[in-house]
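The values are calculated or read from the model by the stated rules, or taken from the named source; none is laboratory data. Just so it is clear, the model here is predicted, and its values are computed rather than measured. Here the Cβ positions follow ideal geometry from the backbone for every residue, glycine too, while neighbour counts run over all protein chains shown. With ligands, DNA and RNA removed, areas are computed over all heavy atoms of the protein, side chains included. Shrake-Rupley method; radii C 1.70, N 1.55, O 1.52, S 1.80 Å.
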Amino acid sequence: RATPSTSPTALMSLIPYTVASCSSEDEQHPARELQSFHSQSRGWQSSRFCDFPQEIVLKFGGPVNVQQVQLLSHQFKIATRIELFVGSLAEGQAEPPASGFEGIQFSRLRHFSLDCNERSKFQARELKTVYVPRRADGLYLRLLLHKCHVNEHNLYSQLGLLAVRVIGDGGGD
């Protein structure tokens, strides 16, 4: 029987990251806003009339085991679907590239859909918690955000995330 200090959930913690890349960003809502969520955070928004899908890649400080991802969506700039991928070094690759993703192998973890938010009259923000069903070791987390839900408030067909929290452990046993 697991004791509180040795149970798997006791080892999970919030994993810090930096935004390594994003397909586009609104200059008032850059992707770096996702790196430190607080009450004054503005979050990320795609550029106006962007191409879909949009991609955001998060880079961790070292190898991690991603166990859970929490995303807080904008109340009306909502993706219809989001896919999650974990990125690790390809076989034979000793170190991550200084820039870009050459030598990084991305494996698809899951995908999920977001509600169009009509029922709340576009007032509520959806917090989605995604559990990763298998061990997911990596140095990167890639989010692929598909087209936006069309609504009268999203005049420029943008996507928006207010927060992304990655939960797991140091991984790499």
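Sequence gap at least 6, Cα distance under 8 Å: using those rules, report the relative contact order of the chain to the nearest whole percent. Provide the component values of the computation, followed by the final result.
On the way: 400 pairs, mean separation 62.2, N = 173.
Relative contact order comes out at 36 percent.
Computed about its Cα centre, the charge dipole of the chain is approximately 560 debye, with only Lys, Arg, Asp and Glu carrying charge at their Cβ. Helical runs (DSSP H, four residues minimum) scored at -39500 (n - 2.57) apiece and divided by the length of the chain put the mean residue ellipticity at 222 nm at -500 deg cm²/dmol. Here the stretch 39-171 exposes an accessible surface that is 46 percent carbon and sulfur, computed with a 1.4 Å probe and the other protein chains kept in place. Of the trypsin sites (Lys or Arg not before Pro) found in the stretch 8-90, the ones in coil according to DSSP and having at most 15 other Cβ atoms within 10 Å of their Cβ are ARG42, ARG48.
Comparing SER39, SER120, SER47 in a Gaussian network model of the chain (Cα springs below 10 Å), the most mobile by mean-square fluctuation is SER39.
Note on SER13 and ARG110: their simple-model spin labels are 2.4 nm apart, each label 7 Å out from Cα toward Cβ.
If I stretch the segment between HIS38 and VAL150 completely, what's the gain in nm (0.36 nm per residue apart, minus their alpha carbon distance), one decimal?
Result for the pair: 37.5 nm of gain on full extension.
Taking 7 Å steps out from each Cα toward its Cβ at ASP51 and THR129 produces label points 3.7 nm apart.
Of the residues SER107, SER47, LEU84, the one whose Cα sits farthest toward the positive end of the charge dipole of the stretch 28-173, with +1 on the Cβ of Lys and Arg and -1 on the Cβ of Asp and Glu, is SER47. On a per residue basis, the stretch 1-145 carries 57 Å² of accessible surface, using protein heavy atoms and a 1.4 Å probe.
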